[in-house]
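Heads up, the thing below is written out as structure tokens.
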């Protein structure tokens, strides 16, 4: 009996040490977990809305669109993070709002107008930097890593997540309508443009805050992958958002453990774990590849 | 003494009036600065690798060939630091003397990518710097024998300054407690400095400055800092300082700004001459090592 018990206890402590030890031993691991989880809380629901609006690639586009603002911030006050992030925020907002405006008032769809504006913005940024003859990779300096979060970065991510949650709560109904049936919203209320603008601001806020603290890949990955995975498990918007948040937070935790135990870049590890959740959902969910096929398949057969 | 000086001065002035300055080229800025000190107004020296440049990975420009072609004497460090210059001198048609200024220096080996090679950064010890100066003066004398006395007087005066700074730095580091002498750095250029002034420089284990680090790499470095009683961190070429600052915050050690290793700085920065570079590096190291 006794030796067995000891073995059991030993294996329990090793498991606990494996799962929690890194966070107990190192402050930078605790900061990484808290910061990335806070980002997930704000960015995952935003990702769900982006997905439902068929704008899943907007995050990537906007990560390029912020370049001219970053460059101007750099010209004004040198290699200082706050002006560069603010510049990026303004440039991202201009691109997002202009493309939204074009999509709303012309025949062009939002993905096309966003592509047009982000490419112009990116080219403007490259031109600005070449004007100064500076070969510094500004984006590299702006984009941090999740393992180096200081107090200031943590506070910023916390603020972004709080603002996002409050704004989502306040504008929830308008956002849902605007996202699912914009024509209907336009006929019953004038809140449409406002909701649309609030949403775009939230997208840019989460992206720029996330880029500055932990890099593009982690930020865009954490925004879109949990949302895409959640789509296999739920239909209702509230459930989608909650599931996406849960997948995002668990991905951060497991991803940081993977980065610690397997010596992998932490941003990539977190995104890969979120990707695993997506693949698992794709395979095992009742709505996934092996689940019940929607009616389309029956039509084809017939 | 005064008579010799007056004679030297007169000689210098007369030759200045009579001939254009000797055209010299050095491979790196540090040697160029020494040549400038020894040659004074009689020598016009240019460095192939510019301020803040990297001699190890230098890629020659067409302009360098022209510079070398017009040179009357070329100074190099040797010891594997600037091998590209030999090819460049041959192809440029340079016919004058190629002077290896490290002749007579006691070298040591260091580990580079797993191989034991001679550490070329000999100038990082001021007593080696004095050997550089002697070699430079001798070589200048061979090319311009008429001004030899000026060169030698300049060299003696400059060497005295180097020796004075050397003694000063030694006494300042000697005052440092033995527990505060461990530094982790990505610079591989400070082997001679560490030996001369009694410091211990360790390389960070398994930590690449270029790629985004993993949690494992940072944890390993944190453990190493705690285990080896490190007092300060000096990382070069980090485009993102936040990782180093996070490590410093985690361990309570200080992270210093980059040191000047292979090249002097621009004139408006604190490491513009060989002497200034040494003063800056010493001050920076001592500031970081002074206390946890």
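The values are calculated or read from the model by the stated rules, or taken from the named source; none is laboratory data. Computed from a predicted structure; not experimentally measured. Positions of Cβ are backbone-derived with ideal geometry, glycine not excepted, and every protein chain shown enters the neighbour counts.
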Please enumerate the residues belonging to region A:91-110 that are closer than 19 Å to residue A:128 by Cα and surrounded by fewer than 18 Cβ atoms within 10 Å (Cβ to Cβ).
A:94
Provide a single number: the residues in region A:36-80 that are in contact (Cβ under 8 Å) with a residue 60 or more places away in the chain, surrounded by fewer than 24 Cβ atoms within 10 Å (Cβ to Cβ) and within 14 Å of chain B (Cβ to nearest Cβ).
2
Any residue that is away from chain B (no Cβ under 14 Å) and at pLDDT 85 or above - is there at least one of those in region A:255-266?
no
Within region B:97-106, can you find the residues that are buried (at least 16 other Cβ atoms within 10 Å of the Cβ) and either assigned to a loop (DSSP other than H, G, I, E, B) or at pLDDT below 90 (or both)?
B:101, B:102, B:105
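Residues are listed down the side, and each one gets a yes or a no for (1) buried (at least 23 other Cβ atoms within 10 Å of the Cβ); (2) over 27 Å from residue B:222 (Cβ atoms); (3) free of Cβ contacts under 8 Å to residues at least 60 places away in the same chain:
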| residue | (1), (2), (3) |
| --- | --- |
| B:242 | no, no, yes |
| B:247 | yes, no, yes |
| B:256 | no, no, yes |
| B:260 | yes, yes, yes |
| B:264 | yes, yes, no |
| B:268 | no, yes, yes |
| B:273 | no, yes, no |
| B:277 | yes, yes, no |
| B:280 | no, yes, yes |
Can you pull out the helices (runs of 4 or more DSSP H) entirely within region B:191-292 that have at least 2 residues that are out of contact with any strand residue (DSSP E or B) (no Cβ under 8 Å at 6 or more places or on another chain), at pLDDT below 90 and within 14 Å of another protein chain (Cβ to nearest Cβ)?
B:215-227, B:242-251
Could you tell me whether any residue of region A:187-195 is within 20 Å of the chain's Cα centre (by Cα), buried (at least 19 other Cβ atoms within 10 Å of the Cβ) and more than 14 Å from every other protein chain (Cβ to nearest Cβ)?
yes
Quick one: which of A:280, A:269, A:246 is part of a helix (DSSP H, G or I) and either closer than 18 Å to residue A:217 by Cβ or within 14 Å of another protein chain (Cβ to nearest Cβ) (or both)?
A:269
